[in-house]
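**Student:** Have a look at the structure that comes next, please.
The values are calculated or read from the model by the stated rules, or taken from the named source; none is laboratory data. Since the structure is predicted, the reported quantities are computational estimates derived from the model, not experimental observations. Here the Cβ positions follow ideal geometry from the backbone for every residue, glycine too, while neighbour counts run over all protein chains shown. The protein model used for the area step is the full one, side chains on, heavy atoms only, and it has no ligands, DNA or RNA in it. Shrake-Rupley method; radii C 1.70, N 1.55, O 1.52, S 1.80 Å.
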Amino acid sequence: MSGHRLLSSRLKLWTSGRSGWMSRLHEGLSGCGRASFSSSNPKICVVGSGPAGFYTAQHLLKARQDVEVDIYERLPVPFGLVRFGVAPDHPEVKNVINTFTQTASHARCNFYGNVNVGKDVSIDELRRAYHAIVLSYGAEGNRSMGVPGENLPGVYSAKDFVGWYNGLPSCRELTPDLSCDTAVILGQGNVALDVARILLAPTKMLKSTDITQPALDALAQSRVRRVLIVGRRGPLQIACTIKELREMVNLPDCRPEMVAADFEGVSEALKDVPRPRKRLTELMLKTALETPGEKEQERRSKASRSWGFRFFRSPVEVLASGGRAAGIRLAVNRLEGSGDGAQAVLTGEVEDVPCGLVISSIGYRSLPIDESVPFDSRRAVIPNSMGRVQQAAGLYCSGWVKTGPTGVIATTMNNSFDTARSLLEDMDSGALDVSSTRPGSQSISALLAERGVKAVTFSGWEKIDDVETRRGEVSGKPREKLLTVQEMLQVARS
Amino acid sequence: FVFSQAVHSALRSFRFFSGCTFIKTPTHVEAGKVFPLCLFRLSLKSILNPHRAEKVTVHFVNRDGEKITVKGSPGDSLLDVVINEDLDFDGFGACEGTLACSTCHLIFDEETYKKLGPVTDEEMDMLDLAYSLTDTSRLGCQVCLSKSLEGIVARVPETISDIRQSKDGSS
């Protein structure tokens, strides 16, 4: 029984059921075909085509039979972090693309890729063309460590590293040096664990995923055998979730390398914590402290690679040798307080860890898009209440730019539905005036044409998708991604 | 015809000997990926005889507290039922039944919950990320219908968000 076959037959089943409301809407509109540009329907534009953009659009289209939604995307390809963030060995998570594709194929929805809002077209221009704008452009920046040496060769942000193995055009030339034995990852969230897993996974585990070929080749040559995942606080404060931890525990050819002392008092503190944290911590305790069974012992002794958490440590300085990273100096912390609110306090002690690769994974960060949009630079979000941008009628936001960069796709799904609900409420109450006719994409297309910007439509993406899928077939991968914007544009326009 | 009958009785005796296998081991783990075993059964059964199995009645209680009564085939997962019946639970089943999210979270009463059989670690891992998790929560994609579940009530929690604590927001 092949898992793949099961999955694909399952998908068909799913699509036929899920498309119910969509096809009904299609039927309702089939008389007029594609929504007409000159219609007096409410016109909404969504900036960014990741999960937040698509889930907001989905909810708007479903709730009202008259709204038209245009989705603008900077890259020629849609889906944001589903394509460029989700780890290649988590294909199940990417199933949401099927639902997004249905949304994009909706008669009242249009996709315009290769349009950089804020540069090719301003927010004010969009405001004149549409009744409302939803900003869902995510968090493309990253928090920096702010320590000496963080710009040395051999130091990367997890955002760029993930972008590199996932084929983000701007990270194509990262080509990280993987010739060292030990890598240190700062941060213990799920991105950190994704990176650790990709660094340590046997190549045969990755070669049937949509990881880029250059990344796969580099990882096959990698000499990294040991990955340490460093956190400021203790096991009870770790940010990753249990699925990702379990994947590390079960990673073939890889053994855990923990520090037993880090877990002192942890099992006693477990009594009163909620079930998710409890199960996560118990799995860590089991991995770190329990004597494994015979089979697991044998597996561990044969493993050629290792991984481990290092708790109560903060980066102080990346140490250099010969002009590149050769180690990291960590401050030793102790905890003040307990539970989620516990604070890491410096003890004054430091320790040096030799390593040739340092990856900082301490969080993504949203950036302001246009000076006309309010931005809280301290929290790195657009100030909003329930998705309504403060002091900016007609502007809404959803996803990470609304909440900050936390949570999984389903979290974003809910916060995007919430934003859509706010917008719909405002339409119903009259707070959002949709009585006047707006030109929508008609006027924006004219502006873009004047500026020499050629948008990529969803059918353009489908051509890219088709080429990628066919290229993937040759090597037994679900797809072989195109790696440059130029190549994407060429295929989309072919 | 004879062949199909033979396969059918073999299938039945398999089920008999294994004592409702699909309930006790609702998942099939292969190469690290988990698929509900009932999918396999479903396809095999539907090839053999789509009308044979008697339908099972399921009552869903949606987020507005409204009761929706539908029928599903034995071997179908509750997610299958939601899809086949085109039930409109916003965002339900985002990962399409592949145990990669918790959006098909359903809540049962204690008595029903016990009848649903043991839960795998992988399902528990995903449930841990579900909003308004209870001791009698399950993922709809991992609960397979059987005649013994006739008339069960499955409540859709008020919101289906994951509450993954991740500070850096990966998948």
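**Student:** Of everything in region B:112-127 that's more than 10 Å from chain A (Cβ to nearest Cβ) and among the aliphatic types (A, V, I, L, M), which residue is farthest from B:HIS59 (Cα to Cα)?
**Tutor:** B:VAL119
**Student:** Out of everything in region B:81-98 that is at the interface with chain A (Cβ under 7 Å from one of its Cβ atoms) and touching a residue at least 60 places away in the same chain (Cβ under 8 Å), what residue ends up being farthest from A:ARG246 (Cα to Cα)?
**Tutor:** Result: B:ASP90.
**Student:** From (1) surrounded by 14 or more Cβ atoms within 10 Å (Cβ to Cβ); (2) farther than 26 Å from A:GLU92 by Cα; (3) in contact (Cβ under 8 Å) with a residue 24 or more places away in the chain, pick out the condition that doesn't hold for A:VAL401.
**Tutor:** (2)
**Student:** If you go through region A:264-275, how many residues are within 14 Å of chain B (Cβ to nearest Cβ) and either outside any helix (DSSP H, G or I) or farther than 25 Å from B:ALA130 by Cα (or both)?
**Tutor:** Of the residues in that region, 2 qualify.
**Student:** Find the strands (runs of 3 or more DSSP E) located wholly in region A:79-164 whose residues include 2 or more that are over 18 Å from A:LEU60 (Cα atoms) and either open to solvent by less than 40 Å² (accessible area, probe 1.4 Å) or more than 14 Å from every other protein chain (Cβ to nearest Cβ) (or both), and list them.
**Tutor:** A:155-157
**Student:** I've got another one for you. State whether the residues of region A:46-54 include one that is closer than 30 Å to A:VAL230 by Cα and among the β-branched types (Val, Ile, Thr).
**Tutor:** Scanning region A:46-54 turns up no residue that is closer than 30 Å to A:VAL230 by Cα and among the β-branched types (Val, Ile, Thr).
**Student:** Here is a further query. Can you pull out every residue in region A:412-436 that is assigned to a helix (DSSP H, G or I), among the hydroxyl-bearing types (Ser, Thr, Tyr) and surrounded by fewer than 24 Cβ atoms within 10 Å (Cβ to Cβ)?
**Tutor:** Across region A:412-436, the qualifying residues are A:SER422, A:SER429.
**Student:** Tell me whether region A:363-374 contains one or more residues that are crowded, with 24+ Cβ neighbours inside 10 Å, modelled with pLDDT under 95 and in a strand (DSSP E or B).
**Tutor:** Yes, there is a match, as at least one residue in region A:363-374 is crowded, with 24+ Cβ neighbours inside 10 Å, modelled with pLDDT under 95 and in a strand (DSSP E or B).
**Student:** Oh, and also: How many residues does region A:363-379 contain that are in contact (Cβ under 8 Å) with a residue 24 or more places away in the chain and under 21 Å from the mean Cα position of the chain (by Cα)?
**Tutor:** Number satisfying all stated conditions: 7.
**Student:** I'd like the full set of residues that are open to solvent by less than 10 Å² (accessible area, probe 1.4 Å), closer than 19 Å to B:ASP128 by Cβ and outside any loop (DSSP other than H, G, I, E, B), limited to region B:79-107.
**Tutor:** Once the filter is applied, which keeps residues that are open to solvent by less than 10 Å² (accessible area, probe 1.4 Å), closer than 19 Å to B:ASP128 by Cβ and outside any loop (DSSP other than H, G, I, E, B), region B:79-107 yields B:LEU79, B:HIS105, B:LEU106.
**Student:** Using the structure shown, decide if B:ASP109 is at pLDDT 95 or above and more than 7 Å from chain A (Cβ to nearest Cβ).
**Tutor:** Spelling it out, B:ASP109 is indeed at pLDDT 95 or above and more than 7 Å from chain A (Cβ to nearest Cβ).
This table checks each residue for (1) open to solvent by 50 Å² or more (accessible area, probe 1.4 Å); (2) touching a residue at least 40 places away in the same chain (Cβ under 8 Å); (3) within 14 Å of A:GLU150 (Cβ to Cβ).
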residue	(1), (2), (3)
A:ARG305	no, yes, no
A:ALA320	yes, yes, yes
A:ALA325	no, yes, yes
A:ILE328	no, yes, yes
A:ASN333	no, yes, no
A:GLU336	yes, no, no
A:GLY341	yes, no, no
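**Student:** Follow-up question, since we're still on this one. Only one residue in A:ILE382, A:ILE359 is within 14 Å of another protein chain (Cβ to nearest Cβ), touching a residue at least 60 places away in the same chain (Cβ under 8 Å) and surrounded by 16 or more Cβ atoms within 10 Å (Cβ to Cβ). Which one?
**Tutor:** Of the residues listed, the single one that is within 14 Å of another protein chain (Cβ to nearest Cβ), touching a residue at least 60 places away in the same chain (Cβ under 8 Å) and surrounded by 16 or more Cβ atoms within 10 Å (Cβ to Cβ) is A:ILE359.
**Student:** For region A:170-248, list the helices (runs of 4 or more DSSP H) that sit wholly inside it and hold at least 2 residues that are at pLDDT 95 or above and more than 26 Å from A:VAL316 (Cα to Cα); which are they?
**Tutor:** Ranges flagged: A:203-206, A:213-221.
**Student:** Sticking with this structure for a sec: Counting only residues that are outside any loop (DSSP other than H, G, I, E, B) and either within 18 Å of A:PRO88 (Cβ to Cβ) or in contact with a Cys (Cβ under 6 Å, 6 or more places away or on another chain) (or both), how many does region A:249-263 have?
**Tutor:** So the count comes out to 1.
**Student:** Right, something else. List pairs: first in region A:447-460 and under 16 Å from A:PRO78 (Cβ atoms), second of a type in the set (Phe, Trp, Tyr), Cβ under 6 Å, 6+ apart or cross-chain?
**Tutor:** That search, which allows pairs on different chains as well, returns A:ALA455/A:TYR112; A:PHE458/A:PHE111.
**Student:** Evaluate the following for A:ALA326: is it in the same structural domain as A:VAL147 (by TED's automatic domain parsing), over 19 Å from A:ARG223 (Cβ atoms) and at pLDDT 95 or above?
**Tutor:** No, not satisfied.
**Student:** All but one of (1) within 11 Å of chain B (Cβ to nearest Cβ); (2) touching a residue at least 60 places away in the same chain (Cβ under 8 Å) hold for A:GLN213; which doesn't?
**Tutor:** (1)
**Student:** How many residues are in a helix (DSSP H, G or I) and of a type outside the set (Ser, Thr, Tyr) when one looks only at region A:276-311?
**Tutor:** Of the residues in that region, 20 qualify.
**Student:** Considering only residues of region B:62-78 that are over 21 Å from B:GLU158 (Cβ atoms) and assigned to a strand (DSSP E or B), which is nearest to the other protein chains (Cβ to nearest Cβ)?
**Tutor:** Taking the candidates together, the pick is B:SER77.
**Student:** Looking at region A:218-263, which of its residues are surrounded by fewer than 20 Cβ atoms within 10 Å (Cβ to Cβ), within 14 Å of chain B (Cβ to nearest Cβ) and without any contact (Cβ under 8 Å) to a residue 24 or more places away in the chain?
**Tutor:** A:ASN250
**Student:** Name the one entry in A:GLY476, A:GLY440, A:GLY472, A:GLY460 that is on the phi > 0 side of the Ramachandran plot, among the small types (Gly, Ala, Ser) and open to solvent by less than 30 Å² (accessible area, probe 1.4 Å).
**Tutor:** The match here is A:GLY440.
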